[in-house]
């Protein structure tokens with residue numbers, strides 16, 4: 001067996017067009033990879049925290065509402081890695097703001113990501129991760145979405161693509177040629193399903209890096225690959241609820257993220273370096289998600305106690321509105337009317353009640369069509385909003 005850090009993933013092959021494309025070897029190697037002691041120790045720490053997170057999320061009430069916000073956060077950061085300027089606040093507010101009034105037109109990128117991730121969460125309940133599943137994810141992500149090339153939603157590419165540069169000749173990385181890509185994708189699918197001895201999170205890290213190396217679509221590879229991480233961790237049975245998403249970590253260390261992926265398929269493959277970076281991300285995000293879930297429970301208990309002091313009828317209707325705020329924490333009068341069936345004056349009364357309870361607060365100072373935010377809850381997911389709130 002080879003030490004994982006000395007095994008090459010593939011080699012560069014000269015193409016008749018004058019550039020070299022990267023062709024992966026058989027994956028994983030026939031002899032397998034030897035996992036270093038350092039990696040095993042890092043994996044032990046990561047898997048312990050994932051188990052702790054799983055325990056906490058199983059106890060969360062109204063978990064379907066909460067998981068949506070984890071998806072929105074990942075969608076925002078994953079799209080920002082690809083150059084999207086829209087913020088998480090833009091994305092959360094988008095469903096309640098008319099298209100013509102949206103601040104960021106590229107919030108559409110985030111909405112497509114949310115659609116793809118939510119599709120994956122439902123699909124995976126009855127269908128295994130496979131090449132077909134990956135194509136379906138991509139189709140949801142890229143249909144009617146903006147793209148830098150022809151995206152061909154749900155179709156693996158039939159032409160050469162590249163990363164960086166204007167042509168393959170001056171690119172920073174040229175993925176496998178289409179014919180070589182097919183064999184690499186088959187290997188990847190077998191690797192997903194094979195009952196082997198690789199630790200689960202190390203397998204998730206290898207899966208992401210190998211997928212990005214193959215780069216099987218003309219556009220949308222990074223976002224599809226990042227959704228796949230969360231889907232695989234859920235599919236492998238490590239988390240009952242899909243609440244562990246790494247895009248915020250990858251965005252925080254974006255330059256390093258690209259360097260580690262490049263190192264993975266370099267001439268001198270640094271697979272160990274990539275996997276350590278990946279596992280450190282699992283540890284950081286698992287810790288963060290554990291803290292978020294703990295605070296959600298504390299906040300819910302606090303705010304439900306406030307509502308119990310209202311009359312029975314008011315408490316019941318207010319409780320139902322707060323539940324909806326967990327997945328749509330930015331609202332206007334129209335949303336309250338829709339949720340309750342109240343007239344506009346009745347909806348205003350509800351908003352005033354929630355403001356008196358210090359559950360809702362105004363978002364900005366609009367003269368017309370004022371929006372409100374469940375600020376104590378929303379800031380658990382949006383660091384930018386949290387920091388801005390501190391400065392007020």
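The values are calculated or read from the model by the stated rules, or taken from the named source; none is laboratory data. Since this is a predicted model, take the numbers as computed values, not measurements. Note that we place each Cβ from the backbone using ideal geometry, even for glycine, and neighbour counts take in every protein chain shown.
Points to keep in mind about this one:
- Single unsatisfied condition, residue 345 versus (1) more than 23 Å from residue 114 (Cβ to Cβ); (2) surrounded by 15 or more Cβ atoms within 10 Å (Cβ to Cβ): (2)
- Any hit, the range 120-128, residues being touching a strand residue (DSSP E or B) at 6+ places or on another chain (Cβ under 9 Å) and assigned to a loop (DSSP other than H, G, I, E, B): no
- Sole exception among (1) outside any strand (DSSP E or B); (2) farther than 30 Å from residue 294 by Cα for residue 68, by number: (2)
- The condition (being in a helix (DSSP H, G or I), over 22 Å from residue 50 (Cβ atoms) and either out of contact with any strand residue (DSSP E or B) (no Cβ under 8 Å at 6 or more places or on another chain) or in contact (Cβ under 8 Å) with a residue 12 or more places away in the chain (or both)) is satisfied by just one residue among 336, 290, 296: 336.
- Considering the conditions (1) part of a helix (DSSP H, G or I); (2) modelled with pLDDT under 95, residue 259 is excluded by exactly one of them, (2).
- Some residue of the range 255-270 being surrounded by 20 or more Cβ atoms within 10 Å (Cβ to Cβ), in contact with a strand residue (DSSP E or B) (Cβ under 7 Å, 6 or more places away or on another chain), in contact (Cβ under 8 Å) with a residue 24 or more places away in the chain and within 25 Å of residue 21 (Cβ to Cβ): yes
- Failed item in (1) in a helix (DSSP H, G or I); (2) over 24 Å from residue 200 (Cβ atoms); (3) touching a strand residue (DSSP E or B) at 6+ places or on another chain (Cβ under 9 Å), with residue 301 passing the rest: (3)
- Single residue of 12, 19, 77 found to be touching a helix residue (DSSP H, G or I) at 6+ places or on another chain (Cβ under 7 Å) and surrounded by fewer than 21 Cβ atoms within 10 Å (Cβ to Cβ): 19
- Qualifying helices (runs of 4 or more DSSP H) (wholly inside the range 153-243; at least 3 residues being surrounded by fewer than 16 Cβ atoms within 10 Å (Cβ to Cβ)): 178-193
- Residue in the range 309-318 that is outside the structural domain of residue 94 (by TED's automatic domain parsing), in contact with a strand residue (DSSP E or B) (Cβ under 9 Å, 6 or more places away or on another chain) and in a helix (DSSP H, G or I) present: no
Residues checked against (1) at pLDDT 90 or above; (2) in contact with a helix residue (DSSP H, G or I) (Cβ under 7 Å, 6 or more places away or on another chain):
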{"position": "303", "(1), (2)": "yes, yes"}
{"position": "323", "(1), (2)": "yes, yes"}
{"position": "333", "(1), (2)": "yes, yes"}
{"position": "355", "(1), (2)": "yes, no"}
{"position": "366", "(1), (2)": "no, no"}
{"position": "371", "(1), (2)": "yes, yes"}
{"position": "374", "(1), (2)": "yes, yes"}
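- Looking only at the range 34-47, and only at residues there that are out of contact with any helix residue (DSSP H, G or I) (no Cβ under 9 Å at 6 or more places or on another chain) and assigned to a helix (DSSP H, G or I), the one that is nearest to residue 201 (Cα to Cα): 44
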